[in-house]
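Following: one structure in structure tokens, then a few remarks.
The values are calculated or read from the model by the stated rules, or taken from the named source; none is laboratory data. Here the structure is a predicted model, which is why all the values come from computation and not from measurement. Cβ placement follows ideal geometry from the backbone for every residue including glycine, while neighbour counts extend to all protein chains displayed. Only protein heavy atoms, including side chains, enter the accessible area calculation; ligands, DNA and RNA are left aside. Shrake-Rupley method; radii C 1.70, N 1.55, O 1.52, S 1.80 Å.
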Amino acid sequence: MSTMTSSGAPRRLPDISSRAFEHPADRTALTAMRSVPGFDQLIRAASSMLRERQYRLVYLSSAVRVGERQFPDLHELIGDVCDVLDAPVRPEVYVYNDPEPNAMTLGIDRPFIAISSGQYELNDHDERRFVLGHEIGHAMSGHALYQSLLQHLLNLIGAFGWLPGGALGMRAIVAALREWQRKAELSGDRAGLLATQDLDAALRAHMKMAGGAHLDRIDPGAFLEQAAEYESSGDLRDGVLKLLNTERTTHPFAVVRAAELTRWAASEEYRAIVEDGVYPRRADDQSANFGDTAREAARTYRRRIDESTDPLVTTVRNVGTSVGSAVGNTAASVQDWFARRGQPNDRPSEQPPSDTSRPDGPASGSTDDIFEWFERTRRTDDPPQDPPPRPT
């Protein structure tokens with residue numbers, strides 16, 4: 001799947017905001033932090049603790065800096081990626097000697113990208129474009145800045161982990177921070193896809209991260225079938241084990257990333273960006289509203305929950321449906337009982353009916369009902385009516 005121009009080059013996306021490719025959970029967290037006056041300046045000041053200048057000197061002295069005479073292919077690629085994504089700053093790129101595939105974005109004021117020799121050798125030209133686009137996405141979103149906050153908090157949590165009863169609470173905080181970190185990686189994948197606008201290249205990069213360079217022995221269709229099986233197979237125990245397996249990871253698993261990116265590539269949001277040039281602009285970043293961002297994120301998760309085949313999510317959803325239906329039907333029965341008591345010709349029973357199987361009772365509350373109710377109460381000055389039953 002490719003959306004390149006007739007010349008074979010990816011379509012340029014002038015003034016594109018990082019909000020265009022940020023995962024909803026990542027975007028909500030970033031918008032909330034950006035909305036706090038002076039927050040960025042505070043974290044920038046605190047980042048001196050991470051010795052950013054020292055890190056750059058380490059790579060300058062021990063790795064190869066990409067330029068016209070050193071890794072000229074990467075030098076040209078980083079220029080192309082910055083042009084397509086209209087990146088405000090072109091970061092330096094370093095290649096360091098390590099057989100393990102890896103790439104990272106470091107620094108805040110002067111972000112730079114470090115790519116291992118193993119990553120370079122693993123990827124072809126188009127896959128390297130995806131990797132560089134992924135890292136440029138991190139730089140444009142300011143993830144390095146907020147990763148600094150994450151590191152500070154993790155250090156603080158480690159210092160207080162010895163407190164009685166603190167271990168479980170601290171573990172929950174770390175799990176939440178790691179979850180945001182994983183969503184930030186999905187944002188980077190989306191930026192990489194926009195940089196290359198070639199889903200096949202992006203999938204190849206993920207397949208190689210999972211199984212090595214032997215693409216002649218890996219089938220994209222079968223690889224995505226793995227992702228579907230991972231999400232839907234098993235029972236409630238498997239759903240819990242998935243949470244335990246990912247709790248301490250900084251990146252989503254390769255098959256999950258491939259499935260997430262494939263899903264986004266098929267969305268109207270992605271098509272609007274690359275085909276119609278409709279996307280959030282950096283010029284409007286200051287007016288981005290946290291409430292609107294949070295509501296959009298909630299709607300996205302609502303759709304994902306409704307469509308999910310994960311055994312844990314399905315179990316929770318089915319339980320919610322049964323409870324919501326029971327509550328709704330019971331409320332209808334009680335309401336009908338009180339209505340009959342107000343009629344002179346009707347002799348009420350001593351107790352309200354407990355039958356919850358009335359065929360004419362209201363349906364269980366759906367997520368659509370919830371959001372319609374909130375939107376309605378937000379638009380009017382009238383006092384809100386009782387909300388519908390809790391969503392499944």
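Every condition in (1) out of contact with any Ser or Thr (no Cβ under 9 Å at 6 or more places or on another chain); (2) more than 19 Å from Asn245 (Cβ to Cβ) holds for Leu186 except the one numbered (2). Quick check, is Ser187 open to solvent by less than 20 Å² (accessible area, probe 1.4 Å), part of a helix (DSSP H, G or I) and modelled with pLDDT under 65? When the stated conditions are applied, Ser187 does not pass them.
Right, Gly67: in a loop (DSSP other than H, G, I, E, B), loosely packed, with under 14 Cβ neighbours inside 10 Å and of a type in the set (Gly, Ala, Ser) or not? Yes: the conditions hold for Gly67. The residues on offer are Val89, Val81, Val93, and the sole one that is closer than 24 Å to Pro10 by Cα and in a loop (DSSP other than H, G, I, E, B) is Val89. Exactly one residue among Met104, Met140 is at pLDDT below 95 and surrounded by 21 or more Cβ atoms within 10 Å (Cβ to Cβ), and that residue is Met140.
Going by the conditions given, is Asp98 surrounded by fewer than 15 Cβ atoms within 10 Å (Cβ to Cβ), more than 26 Å from Ala25 (Cβ to Cβ) and modelled with pLDDT under 95? The answer is no for Asp98. Every listed requirement among (1) within 24 Å of the chain's Cα centre (by Cα); (2) open to solvent by less than 40 Å² (accessible area, probe 1.4 Å) is met by Val93 save one, (1). For Ala45, the conditions (1) over 25 Å from Ala20 (Cβ atoms); (2) modelled with pLDDT under 95; (3) assigned to a loop (DSSP other than H, G, I, E, B) all hold with the exception of (3).
For region 192-203, the condition holds for at least one residue, the condition being that it is open to solvent by 60 Å² or more (accessible area, probe 1.4 Å), modelled with pLDDT of 95 or more and under 23 Å from Ala103 (Cβ atoms). Regarding Arg110, is this residue under 22 Å from Gly188 (Cα atoms), out of contact with any Gly (no Cβ under 7 Å at 6 or more places or on another chain) and modelled with pLDDT under 90? Judged against the criteria, Arg110 is a match.
Against the numbered list (1) modelled with pLDDT under 95; (2) under 28 Å from Val274 (Cβ atoms), Leu57 comes up short only at (2).
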